1. Does Ser9 meet the test of being surrounded by 22 or more Cβ atoms within 10 Å (Cβ to Cβ), modelled with pLDDT of 95 or more and of a type outside the set (A, V, I, L, M, F, W, C)?
2. Could you figure out which of (1) crowded, with 18+ Cβ neighbours inside 10 Å; (2) touching a His at 6+ places or on another chain (Cβ under 8 Å) isn't true of Leu212?
3. Condition first: of a type outside the set (Ser, Thr, Tyr), within 14 Å of Phe343 (Cα to Cα) and crowded, with 22+ Cβ neighbours inside 10 Å. Can you find one or more residues in the range 75-90 that meet it?
4. Evaluate the following for Gly336: is it at pLDDT below 95 and surrounded by fewer than 20 Cβ atoms within 10 Å (Cβ to Cβ)?
5. Every residue in the range 208-238 that is closer than 19 Å to Trp255 by Cβ and not acidic (Asp, Glu), please.
6. Condition test on Arg290, is it of a type in the set (Lys, Arg) and either farther than 19 Å from Gly337 by Cα or crowded, with 17+ Cβ neighbours inside 10 Å (or both)?
7. Pick out the one residue from Pro158, Pro153, Pro139 that is out of contact with any Phe, Trp or Tyr (no Cβ under 9 Å at 6 or more places or on another chain), crowded, with 20+ Cβ neighbours inside 10 Å, assigned to a loop (DSSP other than H, G, I, E, B) and at pLDDT 95 or above.
8. Quick one: which helices (runs of 4 or more DSSP H) sit completely within the range 1-104 and have at least 3 residues that are more than 30 Å from Ile145 (Cβ to Cβ)?
Amino acid sequence: MVSYDQFASALLTKYQIAGGALAVARNGQLVFARGYGYANKATGDLVQPDSRFRLASLSKPITSAAVLLLLQQGKLSLDQRVFDILSYEPLPGQSVDPRLATITIRHLLEHSGGWNRDTTFDPMFLPVPIAAATGTPAPATTDSIIRFMMGKPLQFNPGSDFNYSNFGYALLGRVVETITGQPYETFVREQVLAPGGATCMQIGHSLQAQSLPGEVKYYDFPGAPLGPSIYGTGTQVPRPDGGFHLEAMAAHGGWVASTVDYLRFVLSVDAMNDPPDILTEATTSLMIARPTIPVWSKSAAWYAKGWQVRPSLGDANWWHTGGLAGTTTIVVRNYGGVAWAAFFNSQPSNVDAFVEELDSGMWTALAGVTSWPSYDQFQSFAPCATSTIRRRAVRP
């Protein structure tokens, strides 16, 4: 497995990344897990194989699995209208786009709800202005953001186009809560993650002073600009430390996990059945099916429901990437029974080049494996106690 060591070390040096972790599973067994570089440069603590990182958008496959599990249990349907489930009132004086009432669970899972952040804005990164607009303390909660967005027009008819939407997945988190009667984090940890042994995953915190046990410190790139504090103090802060409201981003970008635990989750939904999946074959097929959105009709790959998918050799490769200031993540489940995750505690200024090199480099490292270990390293990483599950009294 030396090809992974060579690749990871060179990548950290080239892009001036403090630290990272890689994990690789094959046929249901963890065959490689290692940390590289620094978890905390000030203390000299090194990244361990089970160090925990912010997942950013790798949170979306988790939320998708939660929604599809509820579908499998007969508790919702994909064509159910979202605002028939959720009972939010728009802000006083706001007019509501009538198309909002037609948005379905399917639309949110497939990023076709009607919002285009490229031509407008991403509300999940405006906690101070939205708090001011809703007359609530900063940072704005998910509920305040939803009420604010109810008064904003859609940019396209739901189901007619694709545009990546963090806000859409934030709504899905509230759907999970409403259907189950539990906090989103509690339901996901107990029903989605625990069955596969991924018991150490939690929603993180905006401030690094409140980091979870074993969580790394996050670093912006050299010369990165400061950003306004989400607490409305008017001060400028390093963006990974109070520059975005991670708690409100729970369902689309708030989870914290090790690469080892994330692969435990992946193996529980990967359609390989070794170990057993939490989703049936029919549900998994639905999860990765090509959407009917016109943009995907003739494409070689597509965004399905929480995963990007490309058919290959009678099966398919699934993947997702994630990024926040201070965080870069990627996960891949390939057609050959191999899955891998790579997490880093920085996001370079030239992030697109970094992610492209990270993706291609992991495939090259896979091709460089000369023989596969016969052991299963999952047994080396003990699960967390269930008492660490936090039941939130107040939703963010």
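The values are calculated or read from the model by the stated rules, or taken from the named source; none is laboratory data. The model shown is predicted, which means the values in this text are computed figures rather than measured ones. In this analysis, Cβ positions are derived from the backbone assuming ideal geometry, glycine residues included, and neighbour counts consider all displayed protein chains.
1. Details: surrounded by 22 or more Cβ atoms within 10 Å (Cβ to Cβ): no; modelled with pLDDT of 95 or more: yes; of a type outside the set (A, V, I, L, M, F, W, C): yes.
No.
2. (1)
3. Start the filter on the range 75-90 by keeping residues that are of a type outside the set (Ser, Thr, Tyr), which leaves 75-76, 78-86, 89-90.
Filter once more, keeping what is within 14 Å of Phe343 (Cα to Cα): none.
No, every residue in the range 75-90 fails to be of a type outside the set (Ser, Thr, Tyr), within 14 Å of Phe343 (Cα to Cα) and crowded, with 22+ Cβ neighbours inside 10 Å.
4. yes
5. Gln208, Gln210, Ser211, Leu212, Pro213, Gly214, Val216, Lys217, Tyr218, Ile230
6. Values: of a type in the set (Lys, Arg): yes; either farther than 19 Å from Gly337 by Cα or crowded, with 17+ Cβ neighbours inside 10 Å (or both): yes.
Against the criterion (of a type in the set (Lys, Arg) and either farther than 19 Å from Gly337 by Cα or crowded, with 17+ Cβ neighbours inside 10 Å (or both)), Arg290 qualifies.
7. Pro158
8. Counting at least 3 such residues, we get 2-15.
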